[in-house]
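Working notes, beginning with the structure itself.
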Amino acid sequence: MKYTRITALAAIGVAATLSLTACNGDNSEKNSSSKSSLSSSSSSSDGGSKPEGGSGSGDSEAGNAKSGSSDDTGAEAAANGAATGGKVTFCKTQDLAIDATDAAPDKDSGRIDITMVNRGSTTCSATGFAGVDIKDADNTSNPIERGHAQPRVTTLKPGDAAVFNLAYDIDNTGDSLASPTNILVTPPNETHTVTLKWPAGAGEIEGAYTDVEVYPTHTTD
């Protein structure tokens, strides 16, 4: 009887051991499967967020866009064109025939028209204000102030003329203290000066030379 019980108990112990082993084996497989799944998921997630592919192609596209930009190419070509002579240069004093005439519209408003004709062989620009001094009979030279006016683009082909004006009030009293003899003209953006005679018959200047104003060039068309 005792032997039967011992045998039974031994059988139960073996069964229990086998059951625990089986359970541990299942848990190990589950844990192994779970780790494998997490590892696979992590690998997939990392692969999707890696910057290698996207970043590389993005940089390549940006590089291609920069190197193939038509706007940059056009701007560079325009700059090269200007550097190789596409830009109109300013008229040189030596290429201009310059003359001064009395152009007073009435007895009270004095005006001297100074005309510049392009005698050169190329188109040039006379845009802006000419530098002007008036020389008096006492041999002093007086700089003339600019009038309030905006310069206009003044481009001269060979043979074309530009004009600018000196404006002042005429003194009809005969008491003017100004005795102009010459007009010294330096064309816009030039350093060489020409000396012109004060036009015969021009009205006397009222006040001082500081009351005379010079206006910007414009074409005669």
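All of the numbers you see were taken from the coordinates with simple rules; none came from a lab. Everything numeric here is computed off the predicted structure, so don't read it as measured data. Neighbour counts are summed over all protein chains in view; Cβ atoms, including those assigned to glycine, are modelled from backbone coordinates with ideal geometry.
All C-alpha to C-alpha distances of the range 179-221, sorted into 5 Å bins beginning at zero, yield P(r) values of 5, 15, 21, 28, 20, 11, 1 percent in whole numbers. Residue pairs exceeding 32 angstrom between C-alpha atoms, taken from LYS87/LYS197; LYS92/LYS197; LYS107/LYS157: LYS87/LYS197; LYS107/LYS157.
Averaged over every viewing direction, what's the projected area of the C-alpha convex hull for the range 93-219? Give it in nm², one decimal, please. That works out to 7.4 nm², a quarter of the Cα hull's surface.
Highest mean packing comes first when the peptides 165-178, 104-117, 147-160 are listed by Cβ atoms within 10 Å, giving 104-117, 165-178, 147-160.
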